[in-house]
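S.K.: Quick one: structure below, then a few questions.
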Amino acid sequence: MADPIIFDNKVFISCAYVLADCQLLDISGNEPKVIWKNDNLRNHFSTCVLIDRYLYGCDGNIKVPSWCTLTCVDTETGNKTWSKELGPVSLIAADDKLIVLQERGTLYIVEASPTSYQEISSFKIPEQKGYERWWAPPVLLRGRIYCRSSTGNLVCIDVSK
């Protein structure tokens, strides 16, 4: 299940199960108040990232991979600004970029732009077993991206150059 994102006396919550939706709540008072609620960014288990006022994440349930899209949502309106069909992904943010790992083992570096999907580069992890899934979020450390598969394989990609 995706973690809530808390910022500016607000909390974003999301779910991709039955009757799935996402909501932004105002938590500044004694009782939470719904600011907006829709189905624009339903996270299954990969938590979104927040950059400026935009949420980037995987909308959809991994049980139906064709429904999963990398999506950007404006937190002020709840409106989707763009989406890209990549299948199930997990992601992190670094230096105004998204590091996106697709479940079949393709790593994407994407500009964190609220206006459109802007891929900088991509890399297919080699020598995979057919049943491996890459659901764990990637990790960036000292110019290297680490990716772990569902079978426990660990891959390190040097991006320092």
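The values are calculated or read from the model by the stated rules, or taken from the named source; none is laboratory data. Quick caveat, the model's predicted, so the values are computed rather than measured. Here the Cβ is made from the backbone with ideal geometry for all residues, glycine too, and neighbour counts use every protein chain on show.
S.K.: Condition first: at pLDDT 90 or above and among the small types (Gly, Ala, Ser). Now tell me which residues in the range 117-149 satisfy that.
M.R.: 121, 122, 136, 143, 149
S.K.: Please give the number of the condition residue 141 fails out of (1) buried (at least 16 other Cβ atoms within 10 Å of the Cβ); (2) over 29 Å from residue 39 (Cα atoms).
M.R.: Status for residue 141: all satisfied but (1).
S.K.: Here's a follow-up. If you go through the range 1-26 one residue at a time, how many are surrounded by 14 or more Cβ atoms within 10 Å (Cβ to Cβ), more than 20 Å from the chain's Cα centre (by Cα) and either modelled with pLDDT under 95 or part of a loop (DSSP other than H, G, I, E, B) (or both)?
M.R.: Here the count works out to 0.
S.K.: From 69, 77, grab the single residue that is of a type in the set (Val, Ile, Thr) and surrounded by fewer than 18 Cβ atoms within 10 Å (Cβ to Cβ).
M.R.: Working: 69 fails: surrounded by fewer than 18 Cβ atoms within 10 Å (Cβ to Cβ).
Of 69, 77, the one residue that is of a type in the set (Val, Ile, Thr) and surrounded by fewer than 18 Cβ atoms within 10 Å (Cβ to Cβ) is 77.
S.K.: Quick one: count up the residues across the range 30-52 that are touching a residue at least 24 places away in the same chain (Cβ under 8 Å) and either touching a strand residue (DSSP E or B) at 6+ places or on another chain (Cβ under 6 Å) or over 12 Å from residue 79 (Cα atoms) (or both). Walk me through it before giving the result.
M.R.: Taking the range 30-52 and keeping what is touching a residue at least 24 places away in the same chain (Cβ under 8 Å), we get 35-38, 40-52.
Pick out the ones that are also either touching a strand residue (DSSP E or B) at 6+ places or on another chain (Cβ under 6 Å) or over 12 Å from residue 79 (Cα atoms) (or both) and you get 35-37, 40-52.
Going through the range 30-52 one residue at a time, the tally reaches 16.
S.K.: If you don't mind, there's one more thing I want to ask. Quick check on residue 131: is it buried (at least 18 other Cβ atoms within 10 Å of the Cβ), farther than 25 Å from residue 25 by Cβ and among the hydroxyl-bearing types (Ser, Thr, Tyr)? So that I can check it myself, show each step before the final result.
M.R.: On the way: buried (at least 18 other Cβ atoms within 10 Å of the Cβ): no; farther than 25 Å from residue 25 by Cβ: yes; among the hydroxyl-bearing types (Ser, Thr, Tyr): yes.
No.
S.K.: Does residue 150 meet the test of being over 22 Å from residue 53 (Cβ atoms), free of Cβ contacts under 8 Å to residues at least 24 places away in the same chain and not in a loop (DSSP other than H, G, I, E, B)? Spell out how you get there, then give the answer.
M.R.: Details: over 22 Å from residue 53 (Cβ atoms): yes; free of Cβ contacts under 8 Å to residues at least 24 places away in the same chain: yes; not in a loop (DSSP other than H, G, I, E, B): no.
Criteria not met by residue 150.
S.K.: Could you tell me whether residue 88 is over 15 Å from residue 155 (Cβ atoms) and either at pLDDT 95 or above or of a type outside the set (Ser, Thr, Tyr) (or both)?
M.R.: On the way: over 15 Å from residue 155 (Cβ atoms): yes; either at pLDDT 95 or above or of a type outside the set (Ser, Thr, Tyr) (or both): yes.
Answer is yes for this residue.
S.K.: Oh, and also: Restricting to the range 53-78, and then to whatever is of a type in the set (D, E, K, R) and either at pLDDT 95 or above or part of a strand (DSSP E or B) (or both), can you tell me which residue is farthest from residue 25 (Cα to Cα)? Show your work before the answer.
M.R.: Of all residues in the range 53-78, those of a type in the set (D, E, K, R) come to 53, 59, 63, 74, 76.
Subset that is either at pLDDT 95 or above or part of a strand (DSSP E or B) (or both): 53, 59, 74, 76.
Numbers: 53: 14, 59: 19, 74: 14, 76: 11 Å.
The residue in question is 59.
S.K.: Say we look at the range 83-107 and pick out the residues that are free of Cβ contacts under 8 Å to residues at least 24 places away in the same chain and at positive phi; which of these is surrounded by the most Cβ atoms within 10 Å (Cβ to Cβ)?
M.R.: 87
S.K.: Let me ask something else about it. Among what's in the range 110-142 and is of a type in the set (Val, Ile, Thr) and assigned to a strand (DSSP E or B), pick the residue that is nearest to the chain's Cα centre (by Cα).
M.R.: First, the residues of the range 110-142 that are of a type in the set (Val, Ile, Thr): 110, 115, 120, 125, 139.
Keeping just the survivors that are assigned to a strand (DSSP E or B) gives 110, 120, 139.
On the way: 110: 12, 120: 17, 139: 13 Å.
Going through the qualifying residues, I end up with 110.
S.K.: Let me ask something else. Given 46, 83, which one is under 22 Å from residue 116 (Cα atoms) and in a strand (DSSP E or B)?
M.R.: Values: 46 fails: in a strand (DSSP E or B).
Within the list 46, 83, the selection yields 83.
S.K.: Under 6 Å by Cβ, and 6 or more places apart or on different chains, what pairs join a residue from the range 108-127 that is of a type in the set (Phe, Trp, Tyr) with one that is buried (at least 16 other Cβ atoms within 10 Å of the Cβ)?
M.R.: 108/100; 117/82; 117/84; 123/107
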